[in-house]
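A.B. asks: Encoded as structure tokens, here's the structure I'll be asking about.
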């Protein structure tokens, strides 16, 4: 059962430390009577205690809404600067969270279908088995985040920066990742059917055993990437950089290699028999063996071990330490004669 996202709501087991960019908005809209009452009751109290009471009362209306366990509205979410803490199975579908930062947050199995996360920062956070279908993630910055088995069907990640992110067994059917920076990402066993990676930077990416049928890698940099034992049927590698990439054991039925650079690519045991626009010049620059299957009329080029170049993928960045759990809020009442 999905739970509504509500900070400081112990009944839901949610612990958050949201930061508001315009806390005065809530006070101006709903907190003026409370502020006046607080000022009247605080007469005679030391100036320091008065200031603390006024600050607390200004935040009280938002806190009261949160404690009712209601779902946050778009305006409240839009005012957030950052999220931190735990919110398993949170329901955030359709929310406007453009520019929000998730730092050390745990959003395991969260639902963000159709959410707007344009330009968001996802740092050291866990979104495993979460659903980002049709979400807007353009320009998102992902650092040390985990998206194991998460769903990005028809999501837009154009221009995203996700160096070293974990998308193991993720689903990217129909997703757009054009121009994304995906160096060293882990997409092993991922579903990339009809996904678009045009002009993407994917040096050292791991797509081992992925299903990338009809995927679009036109102009992408896949140098040093692991594309082994995967299915790239009808995929497009037009003008792609595959230097030093490992294609061994993969299937490329009707895949388009027009203008692709296969220098020192490992095509041992690869099935390229049905590949389109593959030339002898391209094949001669790659390294194959007796198990390599090529289109009729092309011959495989076997390479000595000295010509086989192993390109190491960049190491994923270390995620930052998660923020400390927020301390419980306490309300102090002062009485005077």
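Any read-out appearing in this document is the output of simple, stated calculations on the displayed coordinates, not a laboratory observation. Remember, it's a predicted structure, so these values are computed and weren't measured experimentally. Don't worry about glycine lacking a Cβ; one is built from the backbone with ideal geometry, like all the others, and counts go over all protein chains shown.
A.B. asks: Divide, for segment 122-251, the radius of gyration over alpha carbons by 2.2 N^0.38 Å, where N is the residue count.
C.D. replies: 0.92
A.B. asks: Over the C-alpha atoms of segment 79-180, what are the Rg and the largest Cα-to-Cα span, Dmax, in Å?
C.D. replies: 11.7, 33
A.B. asks: Another one. Could you calculate the FRET efficiency of residue 263 with residue 141 from 1/(1 + (r/R0)^6), where r is the beta carbon distance between them and R0 is 35 Å, rounded to 0.05?
C.D. replies: 0.65
A.B. asks: Could you estimate the translational diffusion coefficient of segment 185-308 from the Stokes-Einstein equation, with Rh from the Kirkwood formula over C-alpha pairs, at 20 °C and 1.002 mPa s, in whole µm²/s?
C.D. replies: 157
A.B. asks: Based on the alpha-carbon gyration tensor of segment 80-135 and its eigenvalue square roots a ≥ b ≥ c, which shape applies: rounded if a/c is under 1.5, prolate if not and a/b is larger than b/c, or oblate?
C.D. replies: Note, shape of segment 80-135 comes out oblate.
A.B. asks: Another question about this same structure. Please work out how much length the chain gains when fully extended from residue 284 to residue 296, using 0.36 nm per residue of separation minus the C-alpha to C-alpha distance, in nm with one decimal.
C.D. replies: 2.9 nm
A.B. asks: Sort out for me the Cα centre separation of segment 197-266 from segment 82-128, rounded to whole Å.
C.D. replies: Comparing the Cα centres of segment 197-266 and segment 82-128, I get a distance of 31 Å.
A.B. asks: Separate question: 7 Å from Cα along Cα→Cβ at both residue 89 and residue 148: what's the point-to-point distance in nm?
C.D. replies: In this crude spin-label approximation the distance works out to 2.0 nm.
A.B. asks: Which value in nm describes the separation of the simple spin-label points at residue 253 and residue 277, placed 7 Å from the Cα toward the beta carbon?
C.D. replies: According to this spin-label approximation, the distance is 2.1 nm.
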